[in-house]
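Enquirer: Here it is: the structure, laid out below.
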Number of protein chains: 2
Amino acid sequence: MTAHTPNEQARSRIRAAYDPELLRRAGHVLMDRLADHLAAVRDGAGPVLPWHHPPDSICRAADITERFLPPGVDRDALVDHFRELVATMLEHGLNLHHPRYIGHQVPAPVPIAGLFDAVGSITNQVMAIYDMGPWATAVEWAMVERLGEQIGWRPGAFSGLVTHGGSLANFTALLTARNVALPDCWERGIASHASPPVLVVQSDAHYCVSRAAGMLGMGTEQVVRVGLDSRRRMDPNRLDKTLAALRDENRRVVAVVACACSTPIGAFDPLEEIAEVCQRHEVWMHVDAAHGGCACLSSRYGHLVSGLHLADSLIWDAHKMLFVPGLCALVFYRNPKHRFETFRQDAPYLFDPAAPGLADYDSGLRTVECTKRAAAFGLWGVWSMFGPQLFADMVDVTFDMGRVLYEKLLAAPDFQPLHEPQCNIVVFRHVPPSVENVPPERLGRFQLELRRRVIESGDFYVVSTTIDGVGALRVTIINPLTTPDDLDQLLNVLRTRGAELVGTAQ
Amino acid sequence: MTAHTPNEQARSRIRAAYDPELLRRAGHVLMDRLADHLAAVRDGAGPVLPWHHPPDSICRAADITERFLPPGVDRDALVDHFRELVATMLEHGLNLHHPRYIGHQVPAPVPIAGLFDAVGSITNQVMAIYDMGPWATAVEWAMVERLGEQIGWRPGAFSGLVTHGGSLANFTALLTARNVALPDCWERGIASHASPPVLVVQSDAHYCVSRAAGMLGMGTEQVVRVGLDSRRRMDPNRLDKTLAALRDENRRVVAVVACACSTPIGAFDPLEEIAEVCQRHEVWMHVDAAHGGCACLSSRYGHLVSGLHLADSLIWDAHKMLFVPGLCALVFYRNPKHRFETFRQDAPYLFDPAAPGLADYDSGLRTVECTKRAAAFGLWGVWSMFGPQLFADMVDVTFDMGRVLYEKLLAAPDFQPLHEPQCNIVVFRHVPPSVENVPPERLGRFQLELRRRVIESGDFYVVSTTIDGVGALRVTIINPLTTPDDLDQLLNVLRTRGAELVGTAQ
């Protein structure tokens, strides 16, 4: 065989892997297996988290890669092997569709959303330039338009894009803000700036905001945190004073970052008042609405994001409260001109001078990703099946459940809610008599250890956080099929596991 | 209804959307439709690209979002609607599985890879911390281990991660390099540096490398391009001189960026010699092996990446030459200690002090993404089904085809190959008698217009680039089922469309 005589054996092995009938047969097996699995999980069967120590799981995943089939086996053998692999994946994964999954801000997605994603995946419809992903581009534009209108903007008078996750979305928007605030920064870098530019942020902002300052070359020490009010919302008066002080010091402000809502307790900042302050100081206003952007779809909770349309930029994660699989995060710019401030480059093999009118549709000019998944297929598909009412329903039902849990906690003498929730994020402590009078440090550690015990038991999946330096339990009701009865059980499970932890079996 | 009495109508609409039987029925419909579609496309039916003007496609995608079904319709109606949506998606997408798709470095993926992705998508197995995605984490670690061993490293003696695309992967690695080169930069920012640090790059490096300098606050003007040899590879002697000159100017070098291979013509840099120069100058060596990392899986082409294991960091896109759907890009660090230099932060709600040993398994500490898709499921699944030989086969067959095309071009008087290809990327011009003696600018424009005409006809999908400022045609044979006969047809189609373009119908 010479270098340019394709190997026939290799070709035959490749044909077997690309066999459409293998896809068909394996696909049918997969769909039955997934439907059975979701039905069982929905009904609360099995653990929420099947706990295994990481090295054990890694070993297992690595061992499996050694057990591939020899070339030439028939399709039946391949399908059988596929069936086993899928079973392993389902047995070892976290069950977000379990009604007792109430943990991080990652939803039990609408299952059919994943089928739309699978179209993108199997046919590999990706973006970068329009003609690589014409339908992916069309769908992304359509969804940006729909959601932008919900935010309160006129069609065509704003701009948006989809990217891989809220952290990348915040980074993209803040990169744009940096380039607008420091016009020569893209080309010359920040080293030319004598006085370091700053980012002014809500004190409880997600860690990725401070990270963005580190990534952008601004430095995490140039993050100025604005004080909170009694409900842990950004205080517009303090923001005003902070911006005035920075102006007096001749410090350039890249952006103010508000939250809708904050990660630790789900606090929604007063956006209208913050916008007024930012406009007066002529500072870019960015809103991290990764979680709470959804409120604008609900007639009952829309007031929480009143003023969102005044932001210069904002992000909104469809893979949180629009209940589609990860990752599908949206970035919006109020002024559509800003969409080309993020990057200022071209690449001849990508952006075709023979079709100049098309560049506006080339996603690669606006996103960190060059090749990009058709990340909006799931959102577009669910919207096109069920319409906006389903999304409003899911927001209402889950936000309502935050209140339901809060009232249960208030009524329970051995539980202590740490705030009045504004949405589906609820932070509290379990305080059985045995830890009632311990020092804060021990009380906090009890919450974290309790959380660990609960998730490893598989009974519930909840999260921990720290409030003012003391550990607490944190719940996000982000499976819309979680019921009040599940929340009663949460309190019971925490009591039982808490008693085990203090060595007092009940 | 009060705020905390969940709405029963809403709950019933939600239950319909989450119905596992809907998933099952729609899933079976989807799998049959996809298998039929792939079989037809594989056999060359229909256009490669179904061309539509972007505004028309966007209107269509937006209109569809208005045609959702009313609540309460039965499952049959939902499945019928789903069937239509899928048909529209397939009719409007680029057909990468068409043997005449030979365009950008995005493959016709192994179809079953998309089924493994679908498990992740439908059950929403994501990462950030280990216990959110225990199996996703295990699979990622297993694949990092496998591929790192192929690169030539000892198990456990290196580190790696998966991220969303090559651009983000290069950015992540260069962020790490920046933080190592400028130890106070993460906290203090680049403004404190009197003399701007530089990035030294292969002149043909992908645009995302220069972008990274802009994003990192270094500035695109601080990118120093190293001259190429006659085959457009980085010249180690010129690199040596460049680094010496920068040292004399007291300029801090963040990294040297080599290519394996370069995007425009697929040139593989001499990595061993570059490593020797970098070591001598004590500079971080980064290799963009997004496309060519695959060569280390092939006994016939492995020599192209000889020395890859000497890099301090490198990236490798599985969604290119490992033939899985986008996006699955890997970042590797030779020194595992560097994995925590990228970011230096914590978030109490993510990284649990009650389980300190687990943090190493929390992907969020090492990737730009916080919540991250289980992006390695497809790669792990295909590897576990077919083993490494399939990947080696696909590399061999497609790289071989680069040579096959080259020889056809050499033999054709009206075609002009612009280089001797090292892999499956081939750049050339079509030079019919009518454009033989035109000025370079017109010759280049002819190539770009010809390309536009060809892709809009649906006959082939090819790409354009510019070499030394003059337009050219660029092909990547990245569907392993593309045959020599298809390449003969490519020449014929270019001749026919070229004749049309110059107004000389043949």
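Enquirer: In the list B:304, B:327, which residue meets the criterion of being among the hydrophobic types (A, V, I, L, M, F, W, C), in a helix (DSSP H, G or I) and in the same structural domain as residue B:140 (by TED's automatic domain parsing)? Explain how you work it out, then say what you get.
Expert: Details: B:327 fails: in a helix (DSSP H, G or I).
B:304 is the lone residue from the list that is among the hydrophobic types (A, V, I, L, M, F, W, C), in a helix (DSSP H, G or I) and in the same structural domain as residue B:140 (by TED's automatic domain parsing).
Enquirer: Then there is this: For residue B:395, which of the numbered conditions (1) more than 11 Å from every other protein chain (Cβ to nearest Cβ); (2) β-branched (Val, Ile, Thr); (3) farther than 22 Å from residue B:207 by Cα fails to hold?
Expert: The number of the failed condition is (1).
Enquirer: Looking at (1) out of contact with any Asp or Glu (no Cβ under 7 Å at 6 or more places or on another chain); (2) within 9 Å of chain A (Cβ to nearest Cβ); (3) outside any strand (DSSP E or B), which is the one condition that is false for residue B:448?
Expert: (1)
Enquirer: Report, by residue number, each residue of the range B:412-440 that is among the charged types (D, E, K, R) and in a loop (DSSP other than H, G, I, E, B). Step through it out loud before you land on a result.
Expert: Taking the range B:412-440 as the starting set, the residues that turn out to be among the charged types (D, E, K, R) are B:414, B:420, B:429, B:436.
Within the range B:412-440, B:414, B:420, B:436 qualify.
Enquirer: Let me ask something else about it. Read through the list (1) in contact with a Pro (Cβ under 6 Å, 6 or more places away or on another chain); (2) surrounded by fewer than 24 Cβ atoms within 10 Å (Cβ to Cβ); (3) among the hydrophobic types (A, V, I, L, M, F, W, C), then give the number of the only condition that residue A:122 fails.
Expert: (2)
Enquirer: Residue B:9 fails exactly one of the following numbered conditions: (1) over 30 Å from residue B:464 (Cα atoms); (2) surrounded by fewer than 19 Cβ atoms within 10 Å (Cβ to Cβ); (3) facing chain A (nearest Cβ under 7 Å). What is the number of that condition?
Expert: Just one mismatch for residue B:9, condition (3).
Enquirer: Test residue A:258 against the criterion of being touching a residue at least 12 places away in the same chain (Cβ under 8 Å), in contact with a strand residue (DSSP E or B) (Cβ under 7 Å, 6 or more places away or on another chain), closer than 30 Å to residue B:180 by Cβ and of a type in the set (A, V, I, L, M), and give yes or no. Let's see the steps before the verdict.
Expert: On the way: touching a residue at least 12 places away in the same chain (Cβ under 8 Å): yes; in contact with a strand residue (DSSP E or B) (Cβ under 7 Å, 6 or more places away or on another chain): yes; closer than 30 Å to residue B:180 by Cβ: no; of a type in the set (A, V, I, L, M): yes.
Judged against the criteria, residue A:258 is not a match.
Enquirer: Give me the pairs, please: first residue somewhere in the range A:295-309 and free of Cβ contacts under 8 Å to residues at least 12 places away in the same chain and among the polar types (S, T, N, Q), second residue anywhere and buried (at least 19 other Cβ atoms within 10 Å of the Cβ) and in a helix (DSSP H, G or I), beta-carbon distance under 6 Å, and either six or more positions apart or on two chains.
Expert: Pairs found: none.
Enquirer: Could I ask something else about it? Checking the structure you have, find out if any residue of the range A:161-178 is farther than 26 Å from residue B:366 by Cβ and part of a loop (DSSP other than H, G, I, E, B). Can you show your working first?
Expert: So in the range A:161-178, the residues farther than 26 Å from residue B:366 by Cβ come out as none.
Scanning the range A:161-178, I find no residue that is farther than 26 Å from residue B:366 by Cβ and part of a loop (DSSP other than H, G, I, E, B), so the answer is no.
Enquirer: Do you know which residues across the range A:240-264 are out of contact with any Gly (no Cβ under 9 Å at 6 or more places or on another chain), crowded, with 24+ Cβ neighbours inside 10 Å and of a type outside the set (Ser, Thr, Tyr)?
Expert: A:254, A:255, A:256, A:257, A:258, A:264
Enquirer: In the range B:92-103, is there at least one residue being over 30 Å from residue B:424 (Cα atoms), modelled with pLDDT of 95 or more, facing chain A (nearest Cβ under 8 Å) and crowded, with 21+ Cβ neighbours inside 10 Å? Break it down stepwise before answering.
Expert: Going through the range B:92-103, the residues over 30 Å from residue B:424 (Cα atoms) turn out to be none.
No, there is no match, as no residue in the range B:92-103 is over 30 Å from residue B:424 (Cα atoms), modelled with pLDDT of 95 or more, facing chain A (nearest Cβ under 8 Å) and crowded, with 21+ Cβ neighbours inside 10 Å.
Enquirer: Check A:409, A:443, A:405 and return the single one that is within 10 Å of chain B (Cβ to nearest Cβ) and in a helix (DSSP H, G or I). Walk me through how you get there before you give the answer.
Expert: Values: A:409 fails: within 10 Å of chain B (Cβ to nearest Cβ); A:443 fails: within 10 Å of chain B (Cβ to nearest Cβ).
It is A:405.
A quick yes/no check of all residues on (1) aromatic (Phe, Trp, Tyr); (2) within 10 Å of another protein chain (Cβ to nearest Cβ); (3) within 15 Å of residue B:284 (Cβ to Cβ); (4) not in a helix (DSSP H, G or I):
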site	(1), (2), (3), (4)
B:199	no, no, yes, yes
B:208	no, yes, no, no
B:212	no, yes, yes, no
B:217	no, yes, no, yes
B:230	no, no, no, yes
B:241	no, no, no, no
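Enquirer: Another question, if that's okay. Just a yes or no: is a residue in the range A:382-397 more than 30 Å from residue B:318 (Cα to Cα) and either over 24 Å from the mean Cα position of the chain (by Cα) or not in a helix (DSSP H, G or I) (or both)?
Expert: yes
Enquirer: Does the range A:148-162 contain at least one residue that is within 25 Å of residue B:377 (Cα to Cα) and under 23 Å from the mean Cα position of the chain (by Cα)? Even if it seems obvious, please write down each step before you answer.
Expert: Filtering the range A:148-162 for residues within 25 Å of residue B:377 (Cα to Cα) gives A:162.
Next, only the ones that are under 23 Å from the mean Cα position of the chain (by Cα) stay: A:162.
Yes, that holds for at least one residue.
Enquirer: If we keep just the residues of the range B:222-239 that are over 20 Å from residue B:308 (Cβ atoms) and modelled with pLDDT of 95 or more, which is surrounded by the most Cβ atoms within 10 Å (Cβ to Cβ)?
Expert: Residues of the range B:222-239 over 20 Å from residue B:308 (Cβ atoms): B:222-225, B:227, B:230, B:237-238.
Checking the rest, the ones that are also modelled with pLDDT of 95 or more come to B:222-225, B:230, B:237-238.
Numbers: B:222: 24, B:223: 19, B:224: 17, B:225: 17, B:230: 7, B:237: 12, B:238: 16.
Within the range B:222-239, the match that is surrounded by the most Cβ atoms within 10 Å (Cβ to Cβ) is B:222.
Enquirer: Name the pairs whose Cβ atoms lie under 6 Å apart, with the first residue in the range B:366-386 and more than 7 Å from chain A (Cβ to nearest Cβ), the second aromatic (Phe, Trp, Tyr), and 6 or more positions between them or separate chains?
Expert: If the second residue must be aromatic (Phe, Trp, Tyr), the pairs left are B:377/B:116; B:378/B:116.
Enquirer: Any idea which of A:188, A:225 is of a type in the set (D, E, K, R) and within 7 Å of another protein chain (Cβ to nearest Cβ)?
Expert: Values: A:225 fails: within 7 Å of another protein chain (Cβ to nearest Cβ).
Every option except A:188 fails the conditions.
Enquirer: State all residues of the range B:453-480 that are touching a residue at least 12 places away in the same chain (Cβ under 8 Å) and surrounded by fewer than 19 Cβ atoms within 10 Å (Cβ to Cβ); if no residue qualifies, say none. Before the answer, list the steps.
Expert: In the first step, residues of the range B:453-480 are kept if they are touching a residue at least 12 places away in the same chain (Cβ under 8 Å); the result is B:453-467, B:469-480.
Passing the criteria: B:453, B:456, B:457, B:458, B:466, B:469, B:470.
Enquirer: Residues in the range B:243-278 that are assigned to a strand (DSSP E or B), in contact with a Leu (Cβ under 7 Å, 6 or more places away or on another chain) and closer than 17 Å to residue B:307 by Cβ: how many? I'd like the intermediate steps shown before the answer.
Expert: Narrowing the range B:243-278 to residues assigned to a strand (DSSP E or B): B:253-260, B:268.
Adding the requirement that they be in contact with a Leu (Cβ under 7 Å, 6 or more places away or on another chain) leaves B:253-258, B:260, B:268.
Still in the list and also closer than 17 Å to residue B:307 by Cβ: B:255-258, B:260, B:268.
Result for the range B:243-278: 6.
Enquirer: Sort out which residues of the range B:164-179 are facing chain A (nearest Cβ under 10 Å), within 17 Å of residue B:202 (Cα to Cα) and touching a His at 6+ places or on another chain (Cβ under 8 Å), and write them in order of number. Spell out the reasoning first.
Expert: Let us first name the residues in the range B:164-179 that are facing chain A (nearest Cβ under 10 Å), namely B:164-168, B:170-172, B:175, B:178-179.
Imposing the further condition that a residue be within 17 Å of residue B:202 (Cα to Cα) reduces the set to B:166-167, B:170-171.
Across the range B:164-179, the qualifying residues are B:166, B:167, B:170.
Enquirer: Restricting to the range B:107-137, give me the number of residues that are in contact with a His (Cβ under 7 Å, 6 or more places away or on another chain) and more than 20 Å from residue A:105 (Cα to Cα).
Expert: Residues in the range B:107-137 being in contact with a His (Cβ under 7 Å, 6 or more places away or on another chain) and more than 20 Å from residue A:105 (Cα to Cα): 1 in total.
Enquirer: If residue B:344 satisfies every condition in (1) crowded, with 22+ Cβ neighbours inside 10 Å; (2) in a loop (DSSP other than H, G, I, E, B) but one, which is the exception?
Expert: For residue B:344, the exception is condition (1).
Enquirer: Checking the condition in contact with a Pro (Cβ under 6 Å, 6 or more places away or on another chain) and either assigned by TED's automatic domain parsing to the domain that holds residue A:344 or modelled with pLDDT of 95 or more (or both), which residue from A:189, A:165 passes? Let's see the steps before the verdict.
Expert: Working: A:165 fails: in contact with a Pro (Cβ under 6 Å, 6 or more places away or on another chain).
So the residue among A:189, A:165 that is in contact with a Pro (Cβ under 6 Å, 6 or more places away or on another chain) and either assigned by TED's automatic domain parsing to the domain that holds residue A:344 or modelled with pLDDT of 95 or more (or both) is A:189.
Enquirer: Same structure, new question: For the range A:87-116, name all the residues that are assigned to a helix (DSSP H, G or I) and closer than 18 Å to residue A:45 by Cα.
Expert: Narrowing the range A:87-116 to residues assigned to a helix (DSSP H, G or I): A:87-92, A:111-116.
Listed by number, the residues that qualify are A:87, A:88, A:89, A:90, A:91, A:92, A:111.
Enquirer: Just the residues that are farther than 15 Å from residue B:323 by Cβ and either in a loop (DSSP other than H, G, I, E, B) or in contact with a Ser or Thr (Cβ under 8 Å, 6 or more places away or on another chain) (or both), please, taken from the range B:117-131. Outline the logic, then answer.
Expert: From the range B:117-131, those farther than 15 Å from residue B:323 by Cβ are B:118-131; that's our starting set.
Result: B:118, B:121, B:124, B:125, B:126, B:127, B:128, B:129, B:130.
The values are calculated or read from the model by the stated rules, or taken from the named source; none is laboratory data. Quantities reported herein were computed from a predicted structural model and do not represent experimental measurements. Here Cβ is always computed from backbone atoms with ideal geometry, including for glycine, and neighbour counts include all displayed protein chains.
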